[in-house]
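Engineer: So that we are looking at the same thing, I have put the structure below in structure tokens.
Read the figures in this text as sums done on the coordinates, not as results from a lab. Given the structure is predicted, the values throughout are model-derived calculations rather than measurements. In this analysis, Cβ positions are derived from the backbone assuming ideal geometry, glycine residues included, and neighbour counts consider all displayed protein chains.
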Amino acid sequence: MSGIEELLEQQRVEQLLFLEAQLIDGRRFAEWEALWVADGIYWVPANGDDTDPRRQVSLIYDNRSRMHNRVERYAGGKAISQQPPPRTVHLVSNVTIKPPESDEVVGGDVSLIVHSAVHVAESRPGVRVDWAGRVIHHLVERQGALQIVFKKVMLVDNDQELTTIDFLL
């Protein structure tokens, strides 16, 4: 890949991550959900970054069905913790791209593995919380567009007592 092609790919990946952040902040959850493949996994580990979500507690470990249920609760006002809905701002930075290695691929078909950093400011009446972490996205190209296969958000303080996560990271 030439230098120009690498820059264009970097920009394309960054635009996907920025779009994802904007959709979450805008509470446009159905559009956010459409960024995912049918068998995607969204994971926020607890008590360290390298836990096994099948054997240990996670803050979030959603397959597409659970993601859809979460989105329906948020969008339909059925999530008590979302009343009133929090206001959030996601800041995405330090985006790096690498080709997948077989031992790190979650799921099947993955085109790119993307590492980034995220800072989320959450606000609701009387409460202001900051969340920060490292994020790994596994992306695949389908019909000319990048889609999310896997997302892992490793909060810097996931081994500490946390308030309830009332939104998508």
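Engineer: From the helices alone, meaning DSSP H stretches of at least four residues, give me the mean residue ellipticity at 222 nm for the chain, per-run term -39500 (n - 2.57), in deg cm²/dmol to the nearest 500.
Structural biologist: -7500 deg cm²/dmol
Engineer: For A46, what residues show an amide H to amide H distance below 5 Å, using hydrogens built from the backbone and excluding near sequence neighbours?
Structural biologist: Long-range HN contacts for A46: L59.
Engineer: What ranking do 21-29, 149-157 get when scored by the average of other Cβ atoms within 10 Å per residue, highest first? Don't skip to the end; give the middle numbers.
Structural biologist: Numbers: 21-29: 17.1, 149-157: 20.0.
Result, highest mean first: 149-157, 21-29.
Engineer: Arrange the peptides 127-140, 4-17 so that the one whose residues have, on average, the most other Cβ atoms within 10 Å appears first. Can you show the working numbers first?
Structural biologist: Working: 127-140: 17.4, 4-17: 13.7.
Taking the mean over residues of other Cβ atoms within 10 Å, the ranking is 127-140, 4-17.
Engineer: For the chain, compute the orientation-averaged projected area of the C-alpha convex hull (one quarter of its surface), in nm². Mind showing how you got there, number by number?
Structural biologist: Numbers: hull surface 40.5 nm².
If you wrap the Cα atoms of the chain in a convex hull and average its projections, you get 10.1 nm².
Engineer: Next question. Contact order normalised by length for region 3-155, with contacts defined as Cα pairs under 8 Å and 6 or more residues apart; what percent is it?
Structural biologist: Reported as a whole number, the value is 24 percent.
Engineer: How high is the relative contact order of region 16-71, in percent, with contacts defined as C-alpha pairs under 8 Å that are six or more residues apart?
Structural biologist: On the way: 45 pairs, mean separation 18.5, N = 56.
Relative contact order for region 16-71 comes out at 33 percent.
Engineer: How many angstrom separate the Cα center of region 108-169 from the Cα center of region 3-68?
Structural biologist: Between the Cα centre of region 108-169 and that of region 3-68, the gap is 6 Å.
Engineer: Taking only Cα atoms, what is the 0 to 90° angle, nearest 10, from helix 64-75's long axis to the longest principal axis of the chain?
Structural biologist: On a 0 to 90 degree scale, this one is about 50.
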